[in-house]
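Encoded as structure tokens, the structure appears first; notes follow it.
The values are calculated or read from the model by the stated rules, or taken from the named source; none is laboratory data. Keep in mind that this is a model prediction, so the values were computed, not measured. Positions of Cβ are generated from backbone atoms using ideal geometry, with glycine treated the same way; all protein chains shown enter the neighbour counts. These area figures cover heavy atoms from the full protein model, side chains too; ligands, DNA and RNA do not enter into them. Shrake-Rupley method; radii C 1.70, N 1.55, O 1.52, S 1.80 Å.
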Amino acid sequence: MHYRQKHLLAIEGLHPPEIGQLLDLAENYVLLNRSGKTQRDLLRGRTLINLFFEDSTRTRTSFELAGKRLGADVLNMSVSTSSVNKGETLLDTAATLNAMHCDLLVVRHGQSGAPNLLAQKVDAAVINAGDGTHEHPTQALLDALTIRRRKGRLEGLTVAICGDVAHSRVARSNIHLLNTMGSRVRVIGPPTLIPAEVAELGVEVFHDMAAGLAEADIVMMLRLQRERMTRGLVPSAREYFRFFGLDAEKFALARPDALVMHPGPMNRGVEIDSAVADDPERSLIREQVEMGVAVRMAVLDTLARSGRNA
Ligand code: NCD
């Protein structure tokens with residue numbers, strides 16, 4: 001057992017054996033899921049609460065499915081119907097949840113750092129399901145699992161992360177994970193969407209798709225996150241697509257065996273063309289969703305065990 005932490009709040013700070021252990025365990029869950037079997041004894045009697053302060057389709061449902069396949073009692077707290085709308089603070093919510101003796105708390109929040117704050121206040125193991133522009137650790141794990149299964153390794157691969165890096169917790173978690181596991185990471189996007197501090201994370205920065213995509217093994221596209229933009233950072237969707245949207249022509253600049261990924265939800269025709277997104281040979285987008293369930297099962301399993309040993 002390498003992973004001995006109580007929570008999963010970020011990828012930053014994890015060591016290769018911890019990441020490797022989660023990915024190896026997730027491989028087993030891919031096989032289990034494909035066989036149609038479940039393992040309902042593992043989390044029997046445990047309670048998992050999905051606490052989502054921001055919209056989500058894939059992440060929330062895959063945590064729900066993961067919890068149920070391992071036998072946990074799963075509750076989805078949707079914020080629109082909770083007291084949060086009546087002005088209850090995050091810490092009051094935490095105290096309420098704590099009184100309910102929940103074992104695993106999955107949190108998505110618009111503020112960076114909210115899951116860390118909750119982790120200090122509740123007894124449950126806290127899993128960050130995306131906080132502001134900070135991190136989204138299970139997304140990076142599922143992306144890594146998807147890449148590793150297709151390419152056989154992470155080490156030595158060139159991964160180009162393209163688009164709205166500034167607002168992307170997916171990009172930040174992926175940069176930390178891929179750097180830790182020995183990939184070469186590039187980010188590509190307009191200067192307005194690539195913050196200066198990203199270069200300090202040990203990535204190569206490109207503002208031109210042609211230069212950045214050359215020799216890439218993996219092309220990871222990001223959604224243009226207009227809801228997080230406080231001012232106009234891109235001229236128009238059409239112009240953005242022309243320079244930074246991935247179509248067949250730009251994709252041809254990467255390695256011939258390059259594969260494309262996107263965390264979803266996609267803005268088709270803005271950051272990615274449908275012909276590329278739906279290419280059965282070279283798009284991993286559907287596989288990413290499948291890997292998401294397996295990775296979340298591995299994370300719940302691991303945290304439940306480290307909690308028991310504590
Ligand atoms: C991402 C997120 O919420 O950070 N989506 C996801 O979890 N699959 C990316 C996004 O919203 O663009």
statement: Residue separation between Ser236 and Arg305 times 0.36 nm, minus their alpha-carbon distance, gives in nm 20.0 nm
task: Keeping all protein chains in place, calculate the accessible area per residue for the range 160-310 (probe 1.4 angstrom), answer in Å².
output: 42
message: Could you report the accessible area of Ser82 in Å², rounded to 10, computed with a 1.4 Å probe on the protein chains as they sit in the structure?
response: 20
message: How large a share of the accessible area of the chain, in percent, is made up of carbon and sulfur atoms when the probe is 1.4 Å and the other protein chains stay in place?
response: 49
Residue of Ser236, Ser112, Ser283 that the Gaussian network model of the chain assigns the largest fluctuation, springs spanning Cα pairs under 10 Å: Ser236
- request: With a 1.4 Å probe and every protein chain left in place, tell me how much accessible area Thr57 has, in Å² to the nearest 10.
  value: 90
query: Looking at the range 205-256, which trypsin sites (Lys or Arg not before Pro) are DSSP coil and have at most 16 other C-beta atoms within 10 Å of their C-beta?
result: Arg231
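Given the Cα atoms of the chain, and with Rh set as the inverse mean 1/r over their pairs in the Kirkwood sense, what is Rg to Rh to two decimals?
Working: Rg = 19.1 Å, Rh = 19.8 Å.
On the Cα set of the chain, Rg over Rh gives 0.97.
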- prompt: So how strong a dipole does the range 187-305 carry about its Cα centre when Lys and Arg Cβ are +1 and Asp and Glu Cβ are -1, to the nearest 20 debye?
  reply: 520
task: Using the Cα centre as the reference, give the magnitude of the dipole from point charges on the C-beta atoms of the chain (Lys, Arg: +1; Asp, Glu: -1; all else neutral), rounded to the nearest 20 debye.
output: 720
- line: When every protein chain stays in place and a 1.4 Å probe is rolled, Glu54, Glu249, Glu12, Glu271 sorted by accessible area with the largest first are Glu249, Glu12, Glu54, Glu271
query: List the GluC sites (Glu not before Pro) in the range 139-232 that DSSP assigns to loop (not H, G, I, E or B) and whose Cβ has at most 14 other Cβ atoms within 10 Å. Which are they?
result: Glu155, Glu215
